Amino acid sequence: MSLVDIPIIPHEPTDDINKKPYNITAVFVVQFDIQKGNIIEWQYPPDVNLQGIEYQAVCSGLHKIESDTVYFSRKDCYGICVFQNMPIESGRGALMKGIGVLVQPTSDTSLCGEVWRYAPYLRNELRTHMVLSEEIEETRYTHLINLYTEHKHHEGEYTGPYGFNMSADLTDPNNSVLYNMKHHILRINDPHHDFGTDVFEKFIHIMGPDIFTVWKHAIIRKRIMLLNAPPMEMMSKYVYMIHMLSKVPQEFQTRLPKKKSVLIPKYTVGVNDIPELENNDHSYVACTPDSIFQMKVGLYDLMIVFPQQNKRLQIKTKNLPSKHNTVDFMRFRILWNMIDSNPMSWRKYVLEEPNDIVSVSSASIVGAYYWLYDQKDSSGAMDNWSTWPQLFGGLSGNRSNSSTMFMNRRLAAGLEESAGLLAEAEEQDATEINNSEIFEVVTNRASQDLHNLSVETIQLKAARENKYMNFFHSLSYYVLDTLRTVLSINEEEGTNVIQIYPEDMVKLGLDPFGDIDFVKELAFIYFKKHVQVTCCSLSSLCCCRKRPAVIRLQ
């Protein structure tokens, strides 16, 4: 395309900009010069210190793609830069430019200043700036000056709230978290989480059950880093979605320490941001195209390396497990039904589950805990598909003597309960255990019952743009509310450590083994309590301490 072929389009402000308040602190034009590197071609106001913004706005790797929209943070401001890489016939070979704005978040725009509202206008404006610097007329910047003048930041900063509000006493406190997630998804309206919702479903597809590894790190305010080659716009949307995942009800938000009060979305970061990140003791989530961050292990607690070509997704963690556990997988089945109720679409995730003896045995042990402690709903009626023997292999709910003897025989043989979960206890003689087969049976047996969603879930499916976030916000509420109850009941006078038992972990909808470190950190960061998780052996499950029913006073 030649320079004369670039269309000039009228520069009327978009509806998104007209609806937004005054929050712009600077506008700028940056470019990549093959001799000088990244430079600021123009800025307004001229006296604002924008040193370094040319590297934030035009991050590494953009020279390899045609266009991108880069989001970034700068101290207490947020920026957006719309970038284009256009081939030209001169000796330079390509013209690479970006135009952007820097905004100050206000009480009307939430934490990120809703900087994405300016993207349509900037994309349109960029067309008129794709010319060589020596050919630029000063009048070409008039529209950007007008944009700044009309939306200049006057005063005020965003100071919260960072959590969301919701009504208490919404469900029976005796219900388990998993039961509530199947039957009582809450509807939570947050006017500031429209950015990125269009890619949230894709993010869930990519992460699979490991989406709950992300949620756990987000809710306990760990530092999260996404690594991917440009374009970075999609990664920035993932960053914001993870920030939204970290939100909790306001009643729990106020319990967090100041430096952990919010998982700050920093968006795109690069090599030049490393010193600032090294001196940062706040929680954050960011994305980067620079692979050097893989070696900077002190800058993150969770790193997600997105696959290139046919490579697999990589997840690196410090304290919590990097791989999802059995209960995460079953919770993901509830979430997946909101996305696609076709059992065949679920097969991909079933086949990816490990089928070694250790993994299968571990899943079976967790299944035994849930079979024992999570059989009945709040009314005392058997929940059709939360009965673990039925869920994993179609066992009848009654525990006959022969069934018990069968289970004990398998446990003694070192195969735990796996074979019993795979088929009828009275008939199956499983000598070869395959986890993929187990979970495929799960799908076949559970899919029909999963169609029987509650009225709340059906209504949630109608509000497609918010349903996934409602799922995670409901999960955060139920887990924290249930943990508060568990700690209150189990706390004993004169002790500094509160015991958490397998029944409590089932009530919390967590894995009694795989989520031990998570529940420890959760209890401390939100309730300042030290806990110890006690896991009984399968042979003594019935002897584990049982928690009395909870009656919530009105």
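The values are calculated or read from the model by the stated rules, or taken from the named source; none is laboratory data. All values derive from a computational prediction rather than experimental measurement. Quick reminder, even Gly has a Cβ in these numbers, built from the backbone with ideal geometry, and neighbours come from all protein chains shown. SASA here: full protein model, heavy atoms, side chains in, ligands and nucleic acids out. Shrake-Rupley method; radii C 1.70, N 1.55, O 1.52, S 1.80 Å.
Report yes if some residue within segment 461-484 is without any contact (Cβ under 8 Å) to a residue 60 or more places away in the chain and not in a helix (DSSP H, G or I); otherwise report no. Within segment 461-484, none of the residues are without any contact (Cβ under 8 Å) to a residue 60 or more places away in the chain and not in a helix (DSSP H, G or I).
Across segment 299-320, the qualifying residues are those that are in contact with a helix residue (DSSP H, G or I) (Cβ under 7 Å, 6 or more places away or on another chain) and not hydrophobic (A, V, I, L, M, F, W, C), and the one among them that is farthest from residue 515 (Cα to Cα) is 301. Across segment 507-517, what is the number of residues that are part of a helix (DSSP H, G or I) and surrounded by fewer than 24 Cβ atoms within 10 Å (Cβ to Cβ)? Residues flagged as part of a helix (DSSP H, G or I) and surrounded by fewer than 24 Cβ atoms within 10 Å (Cβ to Cβ) within segment 507-517 amount to 2. Screening segment 488-499 for residues that are out of contact with any helix residue (DSSP H, G or I) (no Cβ under 6 Å at 6 or more places or on another chain) and not hydroxyl-bearing (Ser, Thr, Tyr) and picking the one that is least open to solvent (accessible area, probe 1.4 Å) gives 490.
Inside segment 81-113, residues that are at negative phi, small (Gly, Ala, Ser) and assigned to a loop (DSSP other than H, G, I, E, B) make up a count of 3.
Among the candidates 182, 258, 202, the residue that is open to solvent by less than 40 Å² (accessible area, probe 1.4 Å) and charged (D, E, K, R) is uniquely 182. For segment 248-260, the set of residues classified as over 17 Å from the mean Cα position of the chain (by Cα) and either of a type outside the set (D, E, K, R) or part of a strand (DSSP E or B) (or both) consists of 250, 252, 253, 254, 256, 257, listed by residue number. The combined condition, being open to solvent by 20 Å² or more (accessible area, probe 1.4 Å), out of contact with any helix residue (DSSP H, G or I) (no Cβ under 6 Å at 6 or more places or on another chain) and β-branched (Val, Ile, Thr), is fulfilled by residue 358. Considering only segment 226-247, I want to know if a residue exists there that is closer than 13 Å to residue 302 by Cβ, open to solvent by 10 Å² or more (accessible area, probe 1.4 Å), outside any helix (DSSP H, G or I) and in contact with a strand residue (DSSP E or B) (Cβ under 6 Å, 6 or more places away or on another chain). Looking for residues that are closer than 13 Å to residue 302 by Cβ, open to solvent by 10 Å² or more (accessible area, probe 1.4 Å), outside any helix (DSSP H, G or I) and in contact with a strand residue (DSSP E or B) (Cβ under 6 Å, 6 or more places away or on another chain), one finds at least one in segment 226-247, hence yes. Evaluating residue 339 against the criteria (1) closer than 30 Å to residue 301 by Cα; (2) modelled with pLDDT of 85 or more leaves one unmet condition, (2).
Restricting to segment 305-325, name every residue that is outside any loop (DSSP other than H, G, I, E, B) and not aliphatic (A, V, I, L, M). Walk me through how you get there before you give the answer.
Initial filter on segment 305-325 (outside any loop (DSSP other than H, G, I, E, B)): 305, 314-317.
Across segment 305-325, the qualifying residues are 314, 316, 317.
Look at residue 214 and say whether it is crowded, with 20+ Cβ neighbours inside 10 Å, out of contact with any Phe, Trp or Tyr (no Cβ under 8 Å at 6 or more places or on another chain) and under 24 Å from residue 61 (Cβ atoms). Yes: the conditions hold for residue 214. Scanning segment 308-323 for residues that are open to solvent by 20 Å² or more (accessible area, probe 1.4 Å) and under 30 Å from residue 371 (Cα atoms) returns 319, 321, 322, 323. It is to be established whether one or more residues within segment 285-307 are more than 17 Å from residue 269 (Cβ to Cβ) and open to solvent by 20 Å² or more (accessible area, probe 1.4 Å). The answer is yes, given that some residue of segment 285-307 is more than 17 Å from residue 269 (Cβ to Cβ) and open to solvent by 20 Å² or more (accessible area, probe 1.4 Å). Checking each residue in segment 272-281 for being open to solvent by 20 Å² or more (accessible area, probe 1.4 Å) and closer than 15 Å to residue 239 by Cβ picks out only 273. Scanning segment 327-354 for residues that are among the acidic types (Asp, Glu) and touching a residue at least 12 places away in the same chain (Cβ under 8 Å) yields 328, 352, 353.
Please work out if residue 197 is of a type in the set (Val, Ile, Thr), open to solvent by 30 Å² or more (accessible area, probe 1.4 Å) and in contact (Cβ under 8 Å) with a residue 60 or more places away in the chain. So residue 197 passes the test.
Pairs meeting the criteria (first residue in segment 76-87 and surrounded by fewer than 24 Cβ atoms within 10 Å (Cβ to Cβ), second residue of a type in the set (Gly, Ala, Ser), beta carbons under 8 Å, at least 6 apart or on different chains) are 77/113; 84/67; 84/98; 85/67; 85/94; 86/94; 87/93; 87/94. In segment 87-120, of all residues being at pLDDT 90 or above and over 29 Å from the mean Cα position of the chain (by Cα), the one that is nearest to residue 28 (Cα to Cα) corresponds to 99.
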